[in-house]
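Q: Can you keep this structure in mind? I'll have questions shortly.
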């Protein structure tokens with residue numbers, strides 16, 4: 001199964017929960033081995049293992065794009081979060097910044113956007129005014145992944161008001 005010279009699959013050595021094992025799918029055997037420090041999945045789907053004594057290709061183990069995304073989502077959700085959790089919060093922060101800029105709510109647009117995000121566990125990554133709109137970037141750590149979302153909101157034409 002693998003070019004990792006010492007890897008011998010074991011049955012549930014007890015390092016991770018059943019939920020995490022299910023989320024990891026074909027990577028579970030690698031992650032459970034106490035000699036493994038890191039598992040890398042590259043863009044083309046190749047899987048590598050770092051043992052601290054070198055990095056080895058896990059021959060015969062290749063993940064498709066959807067399979068890799070499913071593993072990532074499963075890991076995030078096993079930590080109680082969701083991949084798309086940051087996006088609606090960044091939308092709300094962009095809308096809040098736009099509301100400030102037209103006087104609907106008081107404050108400074110980027111400060112208000114930051115407050116909206118930080119109250120919900122998302123950090124402000126960027127805030128800029130571009131083409132009559134506020135563009136807000138937010139970042140949230142969810143399980144083992146760093147999730148980034150960007151949203152844009154501006155003044156809506158009120159039809160001549």
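Q: Is one or more of the residues making up segment 123-136 under 30 Å from residue 19 (Cβ atoms), at pLDDT below 80 and not assigned by TED's automatic domain parsing to the domain that holds residue 41?
A: no
Table: residues versus (1) within 19 Å of the chain's Cα centre (by Cα); (2) outside the structural domain of residue 118 (by TED's automatic domain parsing); (3) modelled with pLDDT under 80; (4) assigned to a loop (DSSP other than H, G, I, E, B).
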residue: 5; (1), (2), (3), (4): no, yes, yes, yes
residue: 9; (1), (2), (3), (4): no, yes, yes, yes
residue: 12; (1), (2), (3), (4): no, yes, yes, yes
residue: 24; (1), (2), (3), (4): yes, yes, no, no
residue: 36; (1), (2), (3), (4): no, yes, no, yes
residue: 39; (1), (2), (3), (4): yes, yes, no, no
residue: 74; (1), (2), (3), (4): yes, yes, yes, no
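Q: Can I ask one more? Answer yes or no as to whether residue 86 is touching a strand residue (DSSP E or B) at 6+ places or on another chain (Cβ under 8 Å), at pLDDT 85 or above and under 30 Å from residue 150 (Cα atoms). Give the steps one after another, and end with the answer.
A: On the way: touching a strand residue (DSSP E or B) at 6+ places or on another chain (Cβ under 8 Å): yes; at pLDDT 85 or above: no; under 30 Å from residue 150 (Cα atoms): yes.
It is false that residue 86 is touching a strand residue (DSSP E or B) at 6+ places or on another chain (Cβ under 8 Å), at pLDDT 85 or above and under 30 Å from residue 150 (Cα atoms).
Q: Of all the residues that make up segment 139-156, how many are crowded, with 19+ Cβ neighbours inside 10 Å and either more than 23 Å from residue 75 (Cα to Cα) or modelled with pLDDT of 90 or more (or both)?
A: So the count comes out to 2.
The values are calculated or read from the model by the stated rules, or taken from the named source; none is laboratory data. A quick note: this is a predicted structure, and the numbers were derived from the prediction, not measured. Reconstructed Cβ throughout: ideal geometry from the backbone, glycine too, with neighbour counts over all protein chains shown.
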